[in-house]
1. All but one of (1) at negative phi; (2) without any contact (Cβ under 8 Å) to a residue 40 or more places away in the chain; (3) more than 8 Å from RNA strand B (Cβ to nearest atom); (4) not aromatic (Phe, Trp, Tyr) hold for A:Arg621; which doesn't?
2. So the check is Cβ under 9 Å with 6+ separation or different chains; which pairs have a first residue in region A:427-446 that's free of Cβ contacts under 8 Å to residues at least 24 places away in the same chain and a second one that's assigned to a strand (DSSP E or B) and open to solvent by 40 Å² or more (accessible area, probe 1.4 Å)?
3. Spot the failing condition for A:Met237; the list is (1) surrounded by fewer than 15 Cβ atoms within 10 Å (Cβ to Cβ); (2) within 16 Å of RNA strand B (Cβ to nearest atom), and only one is missed.
4. Identify all residues within region A:359-417 that are within 20 Å of A:Phe525 (Cβ to Cβ) and of a type in the set (Lys, Arg); write none if there are none.
5. Looking only at residues that are over 28 Å from A:Ala935 (Cβ atoms), more than 16 Å from RNA strand B (Cβ to nearest atom) and outside any loop (DSSP other than H, G, I, E, B) in region A:867-895, which one is least open to solvent (accessible area, probe 1.4 Å)?
6. Within region A:361-379, can one find any residue that is assigned to a helix (DSSP H, G or I) and surrounded by 13 or more Cβ atoms within 10 Å (Cβ to Cβ)?
7. Which of the residues that make up region A:684-700 are surrounded by 19 or more Cβ atoms within 10 Å (Cβ to Cβ) and either among the aliphatic types (A, V, I, L, M) or under 25 Å from A:Asn798 (Cα atoms) (or both)?
Amino acid sequence: MEKTYNPSTIEQRWYETWEERGYFSPSNSGDKSYCIMIPPPNVTGSLHMGHGFNNTIMDTLIRYHRMKGDKTLWQPGTDHAGIATQIVVERQLEGEQKKRHDLGREKFIERIWEWKKESGGNITRQLRRLGSSLDWQHERFTMDDGLSDAVKEVFVRLYEEGLIYRGKRLVNWDPKLHTAVSDLEVISAEKNGHMWHMRYPLSNGQGHLVVATTRPETLLGDCAVAVNPSDERYKHMVGELLELPLTGRRIPIIADEEHVDPEFGTGCVKITPAHDFNDYAVWQRHRDEISISEQAHGGLINIFTIDAAIRSNEEDETNLIPEKYIGMDRYDARKQMVADLEALGLLEKVEDHKLMVPQCERSGAVIEPFLTDQWYIKVAPLAKPAIEAVENGQVRFVPSSWKNTYYEWMHNIQDWCISRQIWWGHRIPAWYDEKGNIYVGRSETEVRNQHNLDDNYPLRQDEDVLDTWFSSALWPFSTLGWPEQTERLKDYYPTDVLVTGFDIIFFWVARMIMMGIKFMGDVPFKEVYVHGLVRDSHGNKMSKSKGNVLDPIDLIDSIGLEALVAKRTTGLMNPKDAQKIEDQTRNEFPEGISSFGTDALRFTFAALAATGRDIKFDMGRVEGYRNFCNKLWNASRYVMMNVEGKDCGISGVKIGYSEPAVELERSIADRWILSRLQKTKQAVAIAIDSYRFDHAAQAIYEFTWNEYCDWYLELCKPVLNNNNTTDAAKRGTRRTLVRVLESLLRLTHPIMPFITEEIWQRVAPIAGVIEADTQEATIINQPYPTQRQSLIDEKAENEMAWVMQFILGIRKIKGEMNIPPGKPVPVLLANASESDKLFAIQHRLYLDFLARTDSILVLNSNEQEPESATALVGEMKVLIPLADLINKEAEAKRLEKEIARLQNDSGATEKKLANPNFIDKAPQMVVQKVREKLAENHKALESLQAQLAKIQQL
RNA sequence: AGGCGCGUAGCUCAGUUGGUUAGAGCGCUACCUUGACAUGGUAGAGGUCGUUGGUUCGACUCCAAUCGCGCCUACCA
């Protein structure tokens, strides 16, 4: 083995081998199946830390279950990501001074497919770099033929059931992208704005009402002014008419209790039903009153074009829009109208006002509520069983608090607007004839056949495409072949767990549950593991504009400072940030980022994955876990040096994880490490089963470093390098050495696949678990280690505790007394029990080697103890005679410190025992334990105090 | 406004139904080129567990209040 661990040389090689050999395909055996659907990343996207985290967790689960012998499928695939992808290609066109309409629909879509072909492999290549063991042979894409069939099938069936309908109503309109977007795609941000107080004169000439608004330009669409019916100031005016300024129109004063808060603003609300969701609701409640005044369109007046500029009068003959404003952008119109109102003396005042401005999360454009024809899914009937599925535990959220978020949304769910006025996506399977009749079907042919329309009858397909999340909602079954009844569907649906961030519970999780129950008759997954967000080391969200983004691939491969700066400062929305970002980057990464390898990165994600908590990504942790890899590497190197070509007590034994047949002897250390291993296996399994990857990682880390390396490897040395130890003992040690390592590798493999495979390939034949010349063996499909009760050895653990305490005691004295650790010291034992004496003889080899003891003499009770430095092992005193080694003052100080600690401790315990209530009410077990502890403390105290007195007398 | 979560060592975080001397990693101090590993070893310093009150024999852990921080949902024209 190479002297230093070098991840880059092993990782890529292994991944290719694994994939070539088809190790990621589900096995045909296995009683249970286990399946995870990847949350499909954007096909043209690139990997970010969230993916890194998410996929590490999934791959860990997948590898764990595969090793446990389950029939395990991790379904890969990508999402066409309608708007996001279309925007990217439109930007490219911009570079060529073209718009998508210049190309036309067909050519534009072709162009996107080209882009997909070009960059679509990027994300999947990066997923491979993470070691993700996805079943690539069955990779799917949300727009491939099969998935498109599923989409059409679902659309048609829902339509036939009346759960999909077409309707004209207010939607969130993006005036930049020219499409409707769903509520979820709208993000609100607080902005500084104004509140304009405008006077609307009463038609009877008796003064005016003052309405307060943040959007004066929508005045053109007003159809009424609403007041609260209980408002003494205005209630007598309800039913009267107002002169709507700038328009010459008359609008009524209406009373609406629900919407109008008398305390806010002036208590008078202008009602613009075509451009405000609340106003629309008011309008619906008061249609009659409003149309009494014979308003055009019943008062539902659209004033904007699709660009959110003031429309012309061409679309109707009512001449509602004053010529002056036609064609103005909404914000220009606002300025002009405010000025005009002021000139007319109708502007009472303008106040500063903070308001929430809705923006499209994709384009950033300010959303305009806009009246259009769209397709909707009637969600309530789908939501009901989906709520019940969570209530009755068919779907379990981890951590469970997320189900509140889910309920909250599901109980207030609105119909889902599924049509988008873009080109990239699944085209809506609906056709119109010239009379405007709608025909929905799986294809035009089906429609014609079903409705007896011959080929000459003109039909035109709906121009719109479906919301991307429509196809995503079908992902858990469409990827498995639905609507065909495939074997895969039978084997893997419902899937076992969905691993995702909380941000898409609404977008995706809830919709999958609804669609799964509707079309499969069962939930799509039994558990939803919701993980936190990956943030930067200061707890900030990683974002391009903040310049704090880390690329997982850079952490794996390394990146130089200049390249990192360049990466972070190019393509910024606001180029002014570049300098700040550059400074910040140079400050934080003066040397760039060094190469940590995939395994270290994965281990970091696992170790930081406490449930439900955001993780602050700390470079120190990655570095630490890279060191851990190095530790494991070097420990293995040491093991190999000691077992390769040597008798490990394996030969002649049947290959596999079997018991030894050869004569061998297991030392106390062997039995101890085997026992510790069993407990670690158990801890890791429990941790993974409960999604505590942090606990799993920690258990592995501690066992590997603090027990196997720090103690066991050291304890092996005197056995293996000593001519006086027996062959049977050496065999036992070698066997334990190599077998524990082999188990440890399997135990660790789900989290760190590469390093474990690389080492396992060398170790496994020696450990006798595979034939030496097996070509195709891989750790991937080896059994996951399970606890073996028979190897748990409390006696050995206690005995080793004695050995360790002995060694630590001496090291401590040496450390605090400035005695070179390598300097051999004579040791005397006082107050030694029979077992102490026996242990001192039996484990002499360990003591000499690890504590560098020179001689060990047992003092009889009648023998005088020389002045010494003291350590306690239980009740036994381990003494290092002072001679010239030890400084008396230092030893006195050391003892005083130790005594103070014990006294402090005893004090608290005594107080506890002095409390009769404690003796009475606490369980016997606890009281007993406290008593024992106190007794121990007292003995230790006495012992040390005597020692101190002795030293002070000198 | 409603909901959720967090506050433990300088930093990043564990602490499982209330009972340990409150732990780990990084960082810090001292010593050590010992034949797996200086990406290492040995020893050590460092915390009144945000604050206050309550329940209890006993609270980091349960309850209440309070302060600070974060997120989500809904929004007042």
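The values are calculated or read from the model by the stated rules, or taken from the named source; none is laboratory data. Note that the structure is a prediction, hence the values are computed from the model and not measured. A quick note on method: Cβ atoms are made from the backbone with ideal geometry, for glycine too, and the neighbour counts reach across all protein chains shown. Please note that ligands, DNA and RNA were not included when accessible areas were found on the heavy atoms of the full protein model with its side chains. Shrake-Rupley method; radii C 1.70, N 1.55, O 1.52, S 1.80 Å.
1. (3)
2. Listed by first residue and then by second, the contacts come to A:Glu444/A:Gln461.
3. It fails just one condition, (1).
4. A:Lys384, A:Arg396, A:Lys403 - these are the residues of region A:359-417 that are within 20 Å of A:Phe525 (Cβ to Cβ) and of a type in the set (Lys, Arg).
5. The first filter runs over region A:867-895 and keeps only residues over 28 Å from A:Ala935 (Cβ atoms), leaving A:881-890.
Imposing the further condition that a residue be more than 16 Å from RNA strand B (Cβ to nearest atom) reduces the set to A:881-884, A:888-889.
Applying the additional criterion that residues be outside any loop (DSSP other than H, G, I, E, B) yields A:881, A:888-889.
On the way: A:Pro881: 29, A:Lys888: 90, A:Glu889: 133 Å².
The extreme case among them is A:Pro881.
6. If we filter region A:361-379 for residues that are assigned to a helix (DSSP H, G or I), which is where we start, we get none.
So far as region A:361-379 goes, no, none of its residues is assigned to a helix (DSSP H, G or I) and surrounded by 13 or more Cβ atoms within 10 Å (Cβ to Cβ).
7. Restricting attention to region A:684-700, the residues satisfying the condition of being surrounded by 19 or more Cβ atoms within 10 Å (Cβ to Cβ) are A:684-685, A:687-688, A:691-693, A:695-697, A:699-700.
Result: A:Val684, A:Ala685, A:Ala687, A:Ile688, A:His695, A:Ala696, A:Ala697, A:Ala699, A:Ile700.
Every residue, every condition in (1) within 13 Å of RNA strand B (Cβ to nearest atom); (2) in contact with a Pro (Cβ under 7 Å, 6 or more places away or on another chain); (3) part of a helix (DSSP H, G or I); (4) open to solvent by 20 Å² or more (accessible area, probe 1.4 Å), yes or no:
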residue: A:Ala386; (1), (2), (3), (4): no, no, yes, no
residue: A:Gln394; (1), (2), (3), (4): no, no, no, yes
residue: A:Phe397; (1), (2), (3), (4): yes, no, no, no
residue: A:Ser400; (1), (2), (3), (4): yes, no, no, yes
residue: A:Lys403; (1), (2), (3), (4): yes, no, yes, yes
residue: A:Tyr407; (1), (2), (3), (4): yes, no, yes, yes
residue: A:Met410; (1), (2), (3), (4): yes, no, yes, no
residue: A:Gln414; (1), (2), (3), (4): yes, no, no, yes
residue: A:Ile422; (1), (2), (3), (4): no, no, no, no
